[in-house]
Amino acid sequence: MSDCDLLILGGGPAGLTAGLYAARARLHAVLLERMMMGGQIATTETLENYPGFPEPLAGAELGPLFEKQAQQFGLDVRRFQEAAALERHESGFSVALADGSRITARALIAAMGTEWVKLGIPGEDNLRGVGVSYCATCDGAFFRDQEIAVIGGGNSAIEEALFLTKFARRVHVVHRRDTLRAERIVQERAFANDRIAFVWNHVPVAIRGESAVEGLEVRDVNRGETTVLPVTGVFIYIGMRANTALLQGLVAMDDRGFVAAGEDTVTTCPGLFAAGDIRQKPLRQVVTAVSDGAVAAVMAEKYLENLGDE
Ligand code: NAP
């Protein structure tokens with residue numbers, strides 16, 4: 001006999017929406033979140049493209065709303081609970097938690113989200129927290145009136161660069177090509193902002209400094225020359241990797257940990273569904289994450305119905 005019908009790993013938009021739908025289907029569903037609810041949106045300054053909210057919405061506000069709604073229907077939400085290991089048994093899944101306890105479930109929805117990819121250059125690890133950051137919302141205010149660098153040309157890099165202009169005197173966006181990957185509307189805002197300076201066709205090679213960031217060494221990808229940008233902060237946004245180490249060996253995934261699962265969220269492991277940013281998909285947004293969560297819950301419900309009372 002399992003502890004619950006459905007175990008949901010991850011308290012971001014995908015996991016919490018899965019929980020809402022599962023609770024409304026009257027499944028006994030438990031959601032585990034290792035930190036605070038909301039996932040990536042918890043550290044996103046504002047959301048402008050989540051439908052239904054025409055005014056800019058603070059990311060930190062949306063997570064608690066998802067949670068409240070799911071709890072109203074009976075979702076059992078457990079925060080600061082980190083899954084350390086996952087096993088598949090004949091009757092379902094068994095998760096060992098970091099605190100030594102264990103929880104079993106007949107079906108499982110994996111919605112653990114992503115983490116930032118690292119540059120892997122000297123200074124990145126030892127200067128983290130003293131100038132190197134992956135979170136503008138958390139650390140931006142420390143750089144008031146300073147010169148800083150943002151690495152990357154995607155939505156994250158450009159949106160965060162724009163946010164950082166609230167504090168920094170100058171934001172150097174270092175990008176390895178001469179065109180951005182970010183959405184057009186975001187690009188237009190960045191080009192119109194005179195606090196942002198683009199450093200095209202350059203890649204970072206080292207972050208300088210002993211106990212604080214004193215400069216960023218960048219290399220021109222065409223000429224090979226290196227120069228040093230006089231910055232005191234480096235914000236790195238070069239993409240994401242899925243938090244799916246727990247699923248290694250259980251489901252098919254690619255080399256960045258993104259799980260092979262279609263729109264139906266069905267993975268190669270029976271009873272295990274993948275929702276949100278961890279799934280291979282063309283668009284990682286809150287709106288696609290909540291969609292995955294709803295679909296995964298319905299698929300899990302059908303899977304459990306087919307299992308019957310065995
Ligand atoms: P991303 O779209 O994968 O962009 C990563 C950026 O970093 C790219 O410009 C890439 O350059 C660059 N890059 C990758 N590896 C690098 C390296 N080793 N050195 C230097 N530069 C490197 O990642 P993201 O911006 O974090 O976005 C992830 C997903 O979340 C996307 O699907 C994005 O649309 C979504 N997102 C959406 C929003 C929104 O809609 N408001 C906000 C944030 C994120 P290249 O362009 O040359 O590949």
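The values are calculated or read from the model by the stated rules, or taken from the named source; none is laboratory data. Since we're looking at a predicted model, the values are computed, not measured. Don't worry about glycine lacking a Cβ; one is built from the backbone with ideal geometry, like all the others, and counts go over all protein chains shown. The protein model used for the area step is the full one, side chains on, heavy atoms only, and it has no ligands, DNA or RNA in it. Shrake-Rupley method; radii C 1.70, N 1.55, O 1.52, S 1.80 Å.
Going residue by residue through the stretch 92-114, is there one that turns out to be within 16 Å of the ligand (Cβ to nearest atom) and either open to solvent by 60 Å² or more (accessible area, probe 1.4 Å) or part of a strand (DSSP E or B) (or both)? Scanning the stretch 92-114 turns up at least one residue that is within 16 Å of the ligand (Cβ to nearest atom) and either open to solvent by 60 Å² or more (accessible area, probe 1.4 Å) or part of a strand (DSSP E or B) (or both). Residues in the stretch 174-196 that are more than 10 Å from the ligand (Cβ to nearest atom), surrounded by 15 or more Cβ atoms within 10 Å (Cβ to Cβ) and hydrophobic (A, V, I, L, M, F, W, C): ALA190, ILE196.
Checking each residue of the stretch 228-238 against the condition of being more than 16 Å from the ligand (Cβ to nearest atom), open to solvent by less than 10 Å² (accessible area, probe 1.4 Å), modelled with pLDDT of 95 or more and of a type in the set (Gly, Ala, Ser) gives at least one match. For the stretch 239-268, a residue qualifies if it is among the aliphatic types (A, V, I, L, M) and open to solvent by less than 50 Å² (accessible area, probe 1.4 Å), and the qualifying residues are MET240, ALA242, LEU246, LEU247, LEU250, VAL251, ALA252, MET253, VAL259, ALA260, ALA261. Test GLY271 against the criterion of being open to solvent by less than 10 Å² (accessible area, probe 1.4 Å), more than 16 Å from the chain's Cα centre (by Cα) and on the phi > 0 side of the Ramachandran plot, and give yes or no. When the stated conditions are applied, GLY271 passes them.
The residue that is most open to solvent (accessible area, probe 1.4 Å), among those in the stretch 116-167 that are assigned by TED's automatic domain parsing to the domain that holds ARG195, within 16 Å of the ligand (Cβ to nearest atom) and of a type in the set (Asp, Glu), is GLU159.
Yes or no, residue by residue, for (1) open to solvent by less than 50 Å² (accessible area, probe 1.4 Å); (2) part of a strand (DSSP E or B):
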| site | (1), (2) |
| --- | --- |
| GLY15 | yes, no |
| VAL30 | yes, yes |
| MET37 | yes, no |
| ILE41 | yes, no |
| ASN49 | no, no |
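Suppose the filter is within 25 Å of MET299 (Cα to Cα), out of contact with any strand residue (DSSP E or B) (no Cβ under 9 Å at 6 or more places or on another chain) and either within 16 Å of the ligand (Cβ to nearest atom) or not assigned by TED's automatic domain parsing to the domain that holds THR137 (or both); does THR17 pass it? Yes; evaluated as a whole, the condition is true for this residue.
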